[in-house]
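Reviewing the structure listed below.
The values are calculated or read from the model by the stated rules, or taken from the named source; none is laboratory data. Everything numeric here is computed off the predicted structure, so don't read it as measured data. Note that each Cβ is placed from the backbone with ideal geometry, even for glycine, and that neighbours are counted across all protein chains shown.
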Amino acid sequence: MYIKENVKQLVGMVLIIFSIFIANGCKSDMQITSPGTTTTGGQTAKNSIISGQVINSNTGIPVDSAFVQIIGTSIYQTAYTNSQGKYSAIVSLTSNTNLIIYVSKTGFIQDTTAINVTYGVDYSASLISISSSTGTQKPSGNPVSIYLSSQSTTNIGVQSSGSVETATLTFVAVDSSGTPIDLNHSVSVAFSFGQHPGGGEQFSPAVVTTNDQGEASVNITSGTKAGTVQIYAEIDIGTKKIYSMPVAITIFGGLPDQAHFSIAPANVNFPGYDIYGLTDVINAYVGDKYGNPVRVGTSIYFTSTGGIIGGSAETNDQGIGTINLLSAAPQPTDATKGPGFALITASTADANKNTIQSSVYVLFSGSTQITNINPKSFSIPNGGSQTFSYSVSDENGNPLASGTNITVNAAGTNVAAQGDISVTLPDTQSKTWTNFAFLVFDTNDTVNVANPCTITIQVSSPNGNEQTTIIGTSH
């Protein structure tokens, strides 16, 4: 692998310091050192997993038990490759950091590679090839194809979103036998965009010369627009063009936008006015100005005029921030909607540094009440009928919670009922779901004898169970 002189000198100095730790004869299957999370200078350290693979550059076969050292300022982690030549180590970082990966094994020429690891983000290193110290590498032919070998991430955030905004993509040019081209057949790879959002995204650099493993790496930095990015990698050999154009990167996760900011409860009505300790889930849905989810971890602040609500939540990969509303004091009341109604408000900041908000009402419904029964006594004539009306609500005249069941039963000789005699309430705040009516009628007009009749209204509800009975006669 091609290494610049200053990198070689740095590695040499570091190796002198750590030479006491190098023991090529030792073997372990994937030994990993895992530092704990710490706080340094007020900055919380976060772990990043550094992983990769080591192969024999002469044969392409994975190298088992190669000693891997990951070195940086105040960082020294080690691992051994496994039977697939793969290694993994955990480093603890407080900022974006330049590191050097040093690979050695008896019988092979030592090699190094320099990487830049983003704070708190895992890093998949490019393939590392080490050459046998006793053999010679088979030369390659001219390139016949190029393909995307690896990339640091598949998603980046739009500019100034707070997410990672740059991805590194590595392409490999190979000859007709599939062997990566060597330095004697090195070529220039020109990078350009195919389909892309057109928000100012850019390459760095635009042209890259392949190294001794046929690799050409390019950095893609996002612009101000979300969308997919198609990469066009091209090699010109005379009149022949070799190219690859994968759709490899998605740009998303802008800052919140008022037009794409909304809030909704799991239940618009829950029985929390008189019963404390119940929870209702509140979701904030947050998108950027392109209608894409905002970046993961965007903070949303919540307030409520009733009960207790969690102060803040962070959005997930769908742009949803979730919090619990707890029924507790104070019992809510609203100047417009009246007792029982709490206003829930979610707020965050947009790209212009302005506070944006979205609000929704949640009804804290109270204890079950059966009221306004009319008439309260009755005498149904022979062959006739009687209409009844009644109300089922809480003490504030609001509808009860979802799942409330209301049943009416008429018991007597030759009587039946129809109308609102079996009702299940939806999740609602509408008072139309508090008033009901039914009809009781005589089913046999040939017999005119007065008989006792009872009508029972029964309510089974999360707000509490109630029933009442009306006594009369039917003929």
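Details
- Of the candidates VAL392, VAL415, the single residue that is within 30 Å of THR333 (Cα to Cα), out of contact with any Gly (no Cβ under 7 Å at 6 or more places or on another chain), surrounded by 19 or more Cβ atoms within 10 Å (Cβ to Cβ) and not polar (S, T, N, Q) is VAL392.
- Filter pass, ILE90 being surrounded by 15 or more Cβ atoms within 10 Å (Cβ to Cβ) and either at pLDDT 90 or above or in contact with a Pro (Cβ under 7 Å, 6 or more places away or on another chain) (or both): yes
- Condition check for GLY277: modelled with pLDDT of 95 or more, more than 18 Å from VAL360 (Cα to Cα) and surrounded by fewer than 24 Cβ atoms within 10 Å (Cβ to Cβ): yes
- Candidate set from the stretch 225-267 (those that are within 30 Å of ILE323 (Cα to Cα) and among the polar types (S, T, N, Q)); member that is modelled with the lowest pLDDT: THR250
- On the stretch given as the stretch 280-305, residues that are modelled with pLDDT under 95 and either among the polar types (S, T, N, Q) or farther than 23 Å from ASP350 by Cβ (or both) total 3.
- Test: residue in the stretch 54-66 that is at pLDDT 90 or above, within 34 Å of the chain's Cα centre (by Cα) and either assigned by TED's automatic domain parsing to the domain that holds THR118 or not polar (S, T, N, Q) (or both): yes
- Condition check for THR371 on (1) within 33 Å of the chain's Cα centre (by Cα); (2) assigned to a strand (DSSP E or B); (3) free of Cβ contacts under 8 Å to residues at least 40 places away in the same chain: one failure, at (1).
- ASN116 among the polar types (S, T, N, Q), outside any loop (DSSP other than H, G, I, E, B) and under 23 Å from GLY214 (Cα atoms): yes
- For the stretch 308-317, the count of residues that are at pLDDT below 90, in the same structural domain as ILE156 (by TED's automatic domain parsing), in contact with a Pro (Cβ under 9 Å, 6 or more places away or on another chain) and not hydroxyl-bearing (Ser, Thr, Tyr) is zero.
- Out of SER150, SER129, SER57, sole residue that is among the hydroxyl-bearing types (Ser, Thr, Tyr) and either in contact with a Leu (Cβ under 9 Å, 6 or more places away or on another chain) or more than 30 Å from ALA233 (Cα to Cα) (or both): SER150
- Assessment of the stretch 378-388 against the conditions (without any contact (Cβ under 8 Å) to a residue 40 or more places away in the chain and either over 30 Å from THR456 (Cβ atoms) or buried (at least 17 other Cβ atoms within 10 Å of the Cβ) (or both)) yields no matching residue.
- From the list SER152, SER131, SER124, the lone residue that is under 34 Å from the mean Cα position of the chain (by Cα) and not assigned by TED's automatic domain parsing to the domain that holds SER176 is SER124.
- Considered as a group, the residues in the stretch 418-449 that are touching a residue at least 40 places away in the same chain (Cβ under 8 Å) and either β-branched (Val, Ile, Thr) or under 15 Å from GLY472 (Cα atoms) (or both) include one that is surrounded by the fewest Cβ atoms within 10 Å (Cβ to Cβ), and that residue is VAL447.
- Check on GLY199, surrounded by fewer than 15 Cβ atoms within 10 Å (Cβ to Cβ) and farther than 22 Å from GLY60 by Cβ: no
- The residues listed here are VAL187, VAL144, VAL103; of these, the one that is farther than 30 Å from VAL294 by Cβ, surrounded by 15 or more Cβ atoms within 10 Å (Cβ to Cβ), assigned by TED's automatic domain parsing to the domain that holds ASP212 and in contact with an Asp or Glu (Cβ under 7 Å, 6 or more places away or on another chain) is VAL144.
- SER163 meets each of the listed conditions (1) under 28 Å from GLY60 (Cβ atoms); (2) modelled with pLDDT under 90 apart from (1).
- The residues listed here are THR315, THR413; of these, the one that is farther than 30 Å from PHE252 by Cβ and among the polar types (S, T, N, Q) is THR413.
- Pick from the stretch 191-221, criterion under 26 Å from THR112 (Cα atoms) and of a type in the set (D, E, K, R), ranking: modelled with the highest pLDDT: GLU215
- If you check ILE128, ILE156 for being buried (at least 19 other Cβ atoms within 10 Å of the Cβ) and more than 30 Å from ASP350 (Cβ to Cβ), only one passes: ILE128.
- Residue count, the stretch 448-475 (criterion: out of contact with any His (no Cβ under 8 Å at 6 or more places or on another chain) and at pLDDT below 90): 1
- Leading residue by the ranking (nearest to the chain's Cα centre (by Cα)) among those in the stretch 305-326 that are crowded, with 20+ Cβ neighbours inside 10 Å, of a type outside the set (Val, Ile, Thr) and over 11 Å from VAL362 (Cα atoms): GLY319
- All positions within the stretch 209-253 that are over 33 Å from the mean Cα position of the chain (by Cα), assigned to a strand (DSSP E or B) and among the hydroxyl-bearing types (Ser, Thr, Tyr): THR209, TYR243
- Total residues in the stretch 121-139 satisfying the condition of being modelled with pLDDT under 85 and in a loop (DSSP other than H, G, I, E, B): the figure is 8.
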